[in-house]
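The values are calculated or read from the model by the stated rules, or taken from the named source; none is laboratory data. Everything numeric here is computed off the predicted structure, so don't read it as measured data. Don't worry about glycine lacking a Cβ; one is built from the backbone with ideal geometry, like all the others, and counts go over all protein chains shown. Only protein heavy atoms, including side chains, enter the accessible area calculation; ligands, DNA and RNA are left aside. Shrake-Rupley method; radii C 1.70, N 1.55, O 1.52, S 1.80 Å.
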Amino acid sequence: MTATARRPPQVAALLVGTVFLLVGVLGFIPGITTGYEELEFAGHHSGARLFGVFAVSILHNLVHLLFGVVGVLAARKRAASRIFLMVGGGIYLLLWIIGLVIPQSSPGNFLPFNVADNWLHLGLGVGMIALGLFTTALERKAGDYPEPDMQHQ
């Protein structure tokens with residue numbers, strides 16, 4: 001592998017980051033986002049739905065764009081890619097739990113989330129963590145990533 005070639009975690013982070021950027025942009029496109037005239041900056045009153053399913057607001061779309069930028073930038077370094085996948089996956093699992101606990105009509109649902117978002121957050125959290133673990137395992141199997149140093153533990 002050349003010095004400039006992307007490692008598996010970097011490819012995964014770049015892919016995930018790019019998808020988040022795309023979703024963030026699509027959230028601002030009328031037609032792809034139904035109820036676009038009901039798009040609010042934040043809060044559970046935003047009636048906009050990405051693909052007619054996922055609750056979105058301007059803030060929600062901006063969070064997707066920010067997450068995408070972080071993923072694309074993280075893809076520049078192997079360690080940063082792993083951190084993005086693992087920590088980002090943990091953040092999405094936390095968002096899933098928050099979505100289960102906070103009522104949809106509550107002011108606490110400020111991004112906003114709906115049932116479809118909650119299931120997506122669960123899938124994203126599990127998927128990102130799995131990508132982080134799987135790509136690390138691939139590198140270890142190929143001998144490209146050292147095993148943890150057990151002597152210093």
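General observations
- Sole residue being under 13 Å from Leu111 (Cα atoms) and small (Gly, Ala, Ser), chosen from Ala55, Ala75: Ala55
- Restricted to helices (runs of 4 or more DSSP H) entirely inside segment 1-109, those with at least 2 residues that are under 30 Å from Lys141 (Cα atoms) and touching a Pro at 6+ places or on another chain (Cβ under 9 Å) are 78-101.
- Verdict on Gly108 being surrounded by fewer than 16 Cβ atoms within 10 Å (Cβ to Cβ), at positive phi and either touching a residue at least 60 places away in the same chain (Cβ under 8 Å) or of a type in the set (Gly, Ala, Ser) (or both): no
- Test: residue in segment 75-92 that is crowded, with 16+ Cβ neighbours inside 10 Å, within 17 Å of Leu120 (Cβ to Cβ) and of a type in the set (Ser, Thr, Tyr): yes
- Residue in segment 126-137 that is modelled with pLDDT of 95 or more, open to solvent by 40 Å² or more (accessible area, probe 1.4 Å), of a type in the set (A, V, I, L, M, F, W, C) and not in a helix (DSSP H, G or I) present: no
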